[in-house]
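The next block holds one structure in the form of structure tokens; read it before the comments.
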Amino acid sequence: MKGKAELKADTGRAYGMKYDAGFLMQCLLLKLKSSSTYNHLRKNNILPLPSPSTIRRRLSSSECKFGFNELALENIKKALANLPESERWGSIMWDEVSLKKDLTWHSSRLEWHGIVDFGEDIKGAVKSGIATHALVLMFRPYRGNWVQPFACFASKNAATFTILHEVKEKETANKTDKT
């Protein structure tokens, strides 16, 4: 049912679709993996997929910034709160990925995208240059089948030991503050 698109009952228009948030996320992932497949499925009415502008509009309404994601940390806490203690254990994982160099001006927010950005959390970072790597921190419970990213940092080249150490200190402080 999550993936079903429903016609808006109040408008009576065939092109006015209301999409479930989970379905929109799946559409976004499909579009990111293969834009040509997405366009084929949409153009040939194989699936009732939203237009690319609908996906862009939904994405632009959500706040994406670098640093620790407080909402994700709160959701991790809520997900673990009702579990027995034996199922609350998990690991903090990190992965660093290479990014395509790209510097663009975001006119609605009046800011540059593509520059080095450690959020407001990391003070020792040099915040100059175009980002070439992203460091992502995730929580994975040992007895669960989910993974939740909770922080992302854009850096020029691979993150240094100093940055990793400061991220670890901040993450530990976040974890102890939230419990």
- Item | GluC sites (Glu not before Pro) restricted to DSSP loop in the range 39-96 with at most 13 other C-beta within 10 Å | GLU63
- Roughly how many Å² of ILE163 are accessible to a 1.4 Å probe, to the nearest 10? 10
- Message: Over 22 Å between Cα atoms: which of LYS43/LYS65; LYS18/LYS100; LYS33/LYS101; LYS65/LYS100; LYS101/LYS168 fall into that group?
- Response: LYS43/LYS65; LYS18/LYS100; LYS101/LYS168
- In whole Hz, the Karplus estimates of ³J(HN,Hα) for the range 156-170 (6.51, -1.76, 1.60; θ = phi - 60°; x where Gly or Pro) are 9, 6, 5, 5, 7, 4, 4, 5, 4, 5, 5, 4, 5, 4, 5
- Message: Quick query: amide H of LEU99 versus all other amide H atoms, modeled in the peptide plane; which residues come in under 5 Å with a sequence gap of 5 or more or a different chain?
- Response: HIS133, ALA134
- Task: With a bin width of 5 angstrom, please list the P(r) values of the range 21-61 as percents of all Cα-Cα pairs, from the 0 bin to the one holding the largest distance.
- Result: 5, 26, 37, 24, 7, 1
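The values are calculated or read from the model by the stated rules, or taken from the named source; none is laboratory data. Given the structure is predicted, the values throughout are model-derived calculations rather than measurements. Cβ sites come from the backbone with ideal geometry, for glycine too, and all protein chains shown count toward neighbours. Each accessible area value is taken on the protein alone, full model and side chains, heavy atoms only, with ligands, DNA and RNA left out. Shrake-Rupley method; radii C 1.70, N 1.55, O 1.52, S 1.80 Å.
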